[in-house]
Amino acid sequence: MAAPAIRQNANIGAWRPFVKYMHDTISIFHGYTAMELRHLRYFLAVAETGSVTRAADQLGIQQPPLSQQLKALEIELGVTLFDRQPRGVALTPAGTALHADATDLFARIEQMRARMQRMARGDEGSLSIGFTSSAAAHKLTPEVLRACRRQFPRVALTLTECNAAEAIERLADGSLDAALLRAPVSHPEGVRFDLLLEEEMVIALPLDHPLLRRRALRGEGAADPVSLSELAADPFILVRRPGAPGMYGDLLRECEALGFTPRIGAEVSRMLTNLNLVAAGAGVSVVPASMAGLNRHGVAYCRMVEADRLRAPLTLGYREHHDNAALAALVALTHRIATRHRKKAEPPEL
């Protein structure tokens, strides 16, 4: 019975990029050092043309060397792959099985090549991203994450909330690729910090604070700035110094310049906890303006006279020396979005 005809599923010349991708001298099976991808390429060419002569022409080689390579392949595998006929060749059952396997192998090589190209462009891979609660409150952070998911759907994102000290420690040990935070608390070797933008700080008061009643009597609103000196007698709720030493230190220096040392009512690890305590009446605080939409049921926000001297940075930290194209793409994307935010920066709505 004649062997089944083989439908040519691709131009023979199309196999050449695959073979260039995995060099002809690379052995494809451990223990079969004589079998090479070029042998399978030759086999497929003959199988799909049904002729050694036509296959040799398409491959750009002489017919005798091609016949020798096919014979060597049959000896290596211990089977007869072709039924030699007066006018061409037909596949044996073993040849039919090898044709299916070889076709599948080259398809998988092409998939592998395409995937490696996507990874080289940063279109595929994985990223571990950390963020602080105050950085997450700024609209840039969700915008970056949405844009990353939309533009790079094959990049798997792992998101972790942490304070600035934890984020930087994890950047240094490689368990985070990037982090969005406020002011860096340390600068370990190998970690880079890019300032994305700055925003003003605002005062957070419990809704029943006497200053709000006095302001109401004077006809003042949230847009009218308040000096920190008016809060000299109040306890301050702050993110503890190890978690945010930059903003913590800036606030202390500004208060001292105004003639008072702030009384610390509590130190917390997260700014969201900070606002919860303000809402509970435990004290007052100073937070980035982008957090002014939080806890409106218990917190009132006021602009500061000292806003020009107290700024809240938003910073991107990432491993400086890396070979992750997805990380490079994330860094570039974040800077583009930050540039747009800087251009349209407006006073906070309180």
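The values are calculated or read from the model by the stated rules, or taken from the named source; none is laboratory data. On a predicted model such as this, the values are computed, not experimentally measured, just so you know. Every residue, glycine as well, gets a Cβ built from its backbone with ideal geometry; the counts of neighbours run over all protein chains shown.
For this structure, a couple of remarks:
- Filtering the range 268-281 to residues that are out of contact with any Pro (no Cβ under 7 Å at 6 or more places or on another chain) and either buried (at least 16 other Cβ atoms within 10 Å of the Cβ) or closer than 20 Å to Ala307 by Cα (or both) leaves Val268, Ser269, Arg270, Met271, Leu272, Asn274, Leu275, Asn276, Leu277.
One line per residue, one yes/no per condition, for (1) without any contact (Cβ under 8 Å) to a residue 12 or more places away in the chain; (2) out of contact with any Asp or Glu (no Cβ under 7 Å at 6 or more places or on another chain); (3) part of a loop (DSSP other than H, G, I, E, B); (4) within 30 Å of Arg340 (Cβ to Cβ):
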{"position": "Glu220", "(1), (2), (3), (4)": "yes, yes, yes, no"}
{"position": "Glu230", "(1), (2), (3), (4)": "no, yes, no, no"}
{"position": "Gly249", "(1), (2), (3), (4)": "yes, yes, no, no"}
{"position": "Ala282", "(1), (2), (3), (4)": "no, yes, yes, no"}
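- Top-ranked residue in the range 284-328 [being part of a loop (DSSP other than H, G, I, E, B) and among the aliphatic types (A, V, I, L, M); ranked as farthest from the chain's Cα centre (by Cα)]: Val305
- When Ser186 is tested against the conditions (1) closer than 22 Å to Met271 by Cα; (2) surrounded by 20 or more Cβ atoms within 10 Å (Cβ to Cβ); (3) not assigned by TED's automatic domain parsing to the domain that holds Cys255, the lone failure is (2).
- Residues being surrounded by fewer than 19 Cβ atoms within 10 Å (Cβ to Cβ) and part of a helix (DSSP H, G or I) - total across the range 40-65: 7
- All of Ala307, Ala329, Ala312 fail the test of being touching a Gly at 6+ places or on another chain (Cβ under 6 Å), of a type outside the set (Phe, Trp, Tyr) and either closer than 19 Å to Asp194 by Cα or not assigned by TED's automatic domain parsing to the domain that holds Ser133 (or both), apart from Ala329.
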